[in-house]
Structure formats: structure tokens, C-alpha cells
Amino acid sequence: MTKVDFLAALKNGLSCLPQKDIVERLNFYSEMIDDRIEDGLSEENAVKETGDVNEIITQIIADVPLSKLIKQKIKPKRRFGAWEITLLVLGSPLWLSLLIAALSVIFSLFAAFWSIVLSLWAVFVSLAACAVGILIAALILAIKGNVLTAAAMIGASFVCAGLSIFFFFICKSATKGAFYLTKKTIVLIKRGLK
């Protein structure tokens, strides 16, 4: 890929950003490629060392605040006419209620998903607490002379401890997945504003 192709792909991928930011990023990567060419690399190798253009676009968009992208997207390209304003006002009971409903559904899905993750962590904490509590109760029973019941309770304590360790890894994976899904959703929303 040549420098011109790289910068064209970058410009196209960043079209959702304000023009000032696009120019800033293009200048940055153009200078980076030029510096590598000055260091003795060929143009194609300099572009290759810069990185994959799609990954760079994804990272740049992920780093830009969502509010900045929304301001850029809703910034009117021209002034609205009187008839357009009238249609917006008259149609607002319909489109506004649909927008609120869609946002409510999206928010409730995220809340439900994160509630599942939170519930898994609650199970982990409960199992760990049960392991400790049963072990303490078993020690008290052993001191009082009830050795068989204490031995059974120590076994139950080990089972709870093992399950809590198992649940820890499940919770850790679920939390990573939830963060990954949330980040990808935000990036998709930002890319959708293009």
C-alpha cells in the first residue's frame, strides 16, 4: 500500500470526525510515514510499519468522545426552512416517542446484561463466604466433640471453596466479555454516526 492509498483510506474511515481532527490525524500519519522513509525504509515498508489502517481507524474512533461525534453529526449543514421546522414540531409526538422507546430498550438490554455479570459475582462472594462460615462452624463442632459432623462440614467447606474458585474464573471471563461488548457497541455507535 502506498502512502497516498493509506492516507485516502484513513481519510475515508475518519469521515465521521470534524474536518479539523481529520486533517490533524492525516498530517500526523503523513509525517510518521515520511520520517520512516527518511530513515531508509521503502514507501511500502514505511506504510506497513505504521500499522493496519482499519485498526488505526478503530482506535482513533474509540478514543474520540461520543459527545464530539454527536455534535459533529447533528451540526446542521444548512439552516432549516420554516416548513422543515413545522414538520419536525408536528411529527415530534411520533418520532420523539419512538426515539425514547428505542433508547429505553437499548439501555434495558445493557442493564440486564450487566445485572447477569453482577449476579455471577454475587454467587462467587456467597460461595466464598459459605466456605469460610462452614469451616468456622466445623471447627466449633470439632472443639465441642462432634467430630463426624465437623468432618462432613469441612468437606462441604472445601466443596464451596472449590466452587468459588470455579466461579471466580467464570466471573472474570464474563466481566471481560461485558467490557469488550460495551466497548465494541460504543465503537459501532460512533462508526454509525459517519
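Quick look at the numbers
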item: Matching residues in segment 1-44 - criterion: being small (Gly, Ala, Ser), outside any helix (DSSP H, G or I) and at pLDDT below 85; result: Ser15
item: Residue match in segment 175-184 (condition: buried (at least 16 other Cβ atoms within 10 Å of the Cβ) and under 30 Å from Asp63 (Cβ atoms)); result: yes
item: Set Ile186, Ile136: member being of a type in the set (A, V, I, L, M, F, W, C), at negative phi, assigned to a helix (DSSP H, G or I) and at pLDDT below 90; result: Ile186
item: Qualifying residue in segment 171-181 (condition: closer than 30 Å to Lys11 by Cα, touching a helix residue (DSSP H, G or I) at 6+ places or on another chain (Cβ under 8 Å) and in contact (Cβ under 8 Å) with a residue 40 or more places away in the chain); result: yes
item: Count - residues of segment 102-128 that are over 23 Å from the mean Cα position of the chain (by Cα) and among the hydrophobic types (A, V, I, L, M, F, W, C); result: 5
item: Complete set of residues in segment 45-60 that are under 23 Å from Leu188 (Cα atoms) and in a helix (DSSP H, G or I); result: Val53, Asn54, Glu55, Ile56, Ile57, Thr58, Gln59, Ile60
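The values are calculated or read from the model by the stated rules, or taken from the named source; none is laboratory data. Given the structure is predicted, the values throughout are model-derived calculations rather than measurements. Cβ sites come from the backbone with ideal geometry, for glycine too, and all protein chains shown count toward neighbours.
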